[in-house]
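Each value in this text was obtained by applying a stated rule to the coordinates, not by laboratory testing. Treat the numbers as computed from the prediction; the structure is a model and nothing was measured. Neighbour counts are summed over all protein chains in view; Cβ atoms, including those assigned to glycine, are modelled from backbone coordinates with ideal geometry.
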Amino acid sequence: MDIRPIRTDEDHKKALERIDALWGAETGTPEGDELDLLFDLVEHYEEHHFPIEPVEPIELLTAHMEATGRTQADLAAVIGSRPRASEILNKRRALTVDMIHKINVAWAIPADCLVRPYHLEPA
């Protein structure tokens, strides 16, 4: 096992290639230990070099709806009102705690991703 810090894009590429080669290694074996360490190193490198900014709640909701083939009518069925669904998606009304809970239960979107503050559009 020759594990080194990941400092460059080339180091990152090599670490990913090694992860591919080790994929499926059993936990507790030397290969499994190497795989675990490489995962940690790659994760640390990517967090610092490719940070992901939190997504605004309505953008997340819209992306989830597109990815799962859901429509505004589907959102209305979850929150109980078609006009409310339209207002939410157009950022004219904020999500309430009750709506966030319903969306979380129905669509398994983490509630903490939906409770972030976001800017509403003027009426």
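Which shape class applies to region 57-114: rounded if a/c is under 1.5, otherwise prolate when a/b exceeds b/c and oblate if not, where a ≥ b ≥ c are the square roots of the Cα gyration tensor eigenvalues? Since a/c stays below 1.5, the shape of region 57-114 is classed as rounded. With Kirkwood radius over Cα pairs in Å as the read-out, I listed (1) 17.6; (2) 16.7; (3) 14.3; which label goes with the value calculated from this structure? The listed entry that was calculated here is (1).
Calculated on the alpha-carbon coordinates, the convex hull of region 9-49 measures out at 53 cubic angstrom per residue. The Cβ shell under 15 Å around Cys113 holds other residues with a net charge of -2, Lys and Arg each +1, Asp and Glu each -1. With K and R counted +1 and D and E -1, the other residues having a Cβ less than 13 Å from that of Pro57 yield a net charge of 0.
Once you keep just the Cα pairs under 8 angstrom separated by 6 or more residues, what percentage relative contact order results for the chain? If you can, show how the numbers build up before the last one.
Working: 92 pairs, mean separation 25.4, N = 123.
It comes to 21 percent, rounded to a whole number.
If exposed chymotrypsin sites (Phe, Trp or Tyr not before Pro) are those in a DSSP loop with at most 16 other Cβ within 10 Å, what is the longest stretch of the chain that has none?
Numbers: sites that count: Trp23, Tyr118.
Result, exposed sites excluded: 24-117.
Per-residue packing, averaged as other Cβ atoms within 10 Å, sorts the ranges 24-31, 47-54 into the order 24-31, 47-54, beginning with the highest.
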